[in-house]
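A.B. asks: Got a structure for you, questions after.
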Amino acid sequence: MKKFLVVFVVLAMVCVGSMAFAADGVDVSVGGSVQIRSRDFVNLRFNNGDPTQTYSDTQERVELDVNVKAGDDVRGKIALWNDFQDWGTLEQQQGVGFGNTTSSSSTGEHFGFREAWLSFNMPGIPVNVTAGHQLLALGQGWFLRNKHFGDDAWVVANVTGPNTAAFVNIKAQKNTAAEADSGIDAYAILDVFKVDDNNTVGFDLAYVDARTSSVAPYPVITSGGFYQFANIAGSQLYNLGLNYTGKLGPLNLKAEADLQAGRLTPFGAAETPKFRGNQIVLQGNMPMDPVTFEFTLARGSGNKDIASAGHTNPNLDEMVTFLDIDPHYTFLYEYKTITAAGVRNTGFSNTTAASIGASANVTKSVNVGLDIWALWATEKSTAPLALSTGGTEEANYAGTEVDLAVNWKLYNNLTWNWQLGYYKPGSAMRAPGVTTAAATAGTIVGYGGAASGSVGGSLDPVTGIQGVLSLNF
């Protein structure tokens, strides 16, 4: 019961703090959520005969938020949570330790701090400083987005009229405390300008320094003795992002474009590859009562000629992203199965996508939405099919997905939202000769031990359903 004792102690401290600080003008409020998630996924490896690719479970997430406000100039927050964890293991984990993980095993660490930051306005100058563990994203969030576990960071911002300028420093990784070159640091400068009440434009310039002793495994590109990158440790990556949020008549638009540069110096490599990734993402919706129509058009670059026998290009042309483990656009492709980049949670890396959709309030409390996605490998020579066959077989089509969302508001603070998905993988996702054992062990390119991706060249449909019952307070 150690975890729950900690929660009770925090609550007690909040109650005492609220009484003690009331006279000093400090406001302390407590909020949080309890979520029950039910899931069932089938054929995550595109193979009807593979039992290891199908699973169903019920999980629970508990979050407690403590918010502090001292006048208009000082704020702070602590968010303590036990992330989604299988029913039947919650009580087995007492005393295991703190931390965040994607594991659903009974020994994985799920309990820890999602947020822990302080924020204050500098006396006498229009500068705000926020430091600590916080949820971050750049632009529209297609290059860097970490709103699940958060990042350790400094954010220094200035707001002058319609303009916001900021500097961000993220400590993304620290492998060995005694080694200065074992970490990954990220820096960004950004500016956001509000043109008018309906239109905002912005840019951000980010620099990611993955030092030589760090562990930075993405992207994974290995194939039959051709040029390979075991990791991107020893690299300097630059990303220039442009973004827009606005309204053109009845159409609401969001757009982001990213361009990458830099160099990679992997240990023992004969060449020094350059980063040359890019992407563009355009999303829009148009409310036409009672229906809202929406669309997405996106293209993220992929690597060229890496898998082919005539390979002459040593550079990393694939868009490199740093995204969290939450769904970013589709419910199955990218979130639960591998993408055309060979791994999950990579956004539009080596993916070209187009979608149309619509949503409507079918009752006062129920909203239903449907999205149809067409997906392609931007560069077919580095899609899973080409990688698994050493470039002897290539294809562009990554598949079609249909996603249904049902959002049910039972009460003002209680919702029960459902997602259902059907994904038919295209020929670019086929991986002949990949066995269940090899995929599980992570010995096949891009699989990383995840229970996903084609096994035995199968392209059977993937289906999934997920419901989240959520109480927010």
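We did not get these values from a lab; they are worked out from the coordinates using the rules stated. From a predicted model like this one, the values you see are computed outputs, not experimental measurements. Ideal geometry is used to build each Cβ from the backbone, glycine not excepted, and the neighbour counts take in all protein chains shown.
A.B. asks: Could you give the length gained on full extension between Val129 and Asn199, defined as 0.36 nm per residue of separation minus the Cα-Cα distance, in nm? It would help to have the intermediate numbers written out before the result.
C.D. replies: Values: separation 70, 0.36 × 70 = 25.20 nm, distance 2.61 nm.
That pair, Val129 and Asn199, stretches by 22.6 nm at full extension.
A.B. asks: For a quick check: sort Lys171, Lys304 by the number of other beta carbons within 10 angstrom, fewest at the front.
C.D. replies: On the way: Lys171 13, Lys304 18.
Arranged by neighbour count, lowest to highest, Lys171, Lys304 become Lys171, Lys304.
A.B. asks: I would also like to ask the following. So what are the ³J(HN,Hα) numbers for the stretch 276-291, from phi and the Karplus equation (6.51, -1.76, 1.60; θ = phi - 60°), rounded to whole Hz, Gly and Pro as x?
C.D. replies: 9, x, 7, 7, 9, 10, 10, 10, x, 8, 9, x, 9, 2, x, 10
A.B. asks: If each of Trp418 and Asn361 carries a label point 7 Å out from its Cα toward its Cβ, how far apart are those two points in nm?
C.D. replies: Result: 2.1 nm between the two label points.
A.B. asks: Could you line up Ser381, Ser29 from fewest to most neighbouring Cβ atoms inside 10 Å? Spell out each step's value before the answer.
C.D. replies: Working: Ser381 21, Ser29 11.
Listing Ser381, Ser29 from fewest to most nearby Cβ atoms yields Ser29, Ser381.
A.B. asks: Can I ask one more? If packing is taken as the mean number of other Cβ atoms within 10 Å per residue, what is the order of 327-333, 145-151, 157-163, highest first?
C.D. replies: Details: 327-333: 22.4, 145-151: 19.0, 157-163: 12.1.
So the order, starting with the most tightly packed, is 327-333, 145-151, 157-163.
A.B. asks: In whole Hz, what ³J(HN,Hα) sequence does the stretch 377-394 give by Karplus (6.51, -1.76, 1.60; θ = phi - 60°), x for Gly and Pro?
C.D. replies: In residue order, the calculated couplings are 7, 4, 10, 5, 6, 10, 6, x, 4, 5, 5, 6, 10, x, x, 6, 10, 9 Hz.
A.B. asks: Per residue of the stretch 358-364, in order, report the coupling 6.51 cos²θ - 1.76 cosθ + 1.60 (Karplus, θ = phi - 60°) as ³J(HN,Hα) in whole Hz, putting x for Gly and Pro.
C.D. replies: With the stated coefficients, the stretch 358-364 comes to 8, 9, 7, 7, 7, 9, 5 Hz.
A.B. asks: The stretch 323-381 to the stretch 146-163: how many Å between their Cα centroids?
C.D. replies: The stretch 323-381 and the stretch 146-163 have Cα centres separated by 27 Å.
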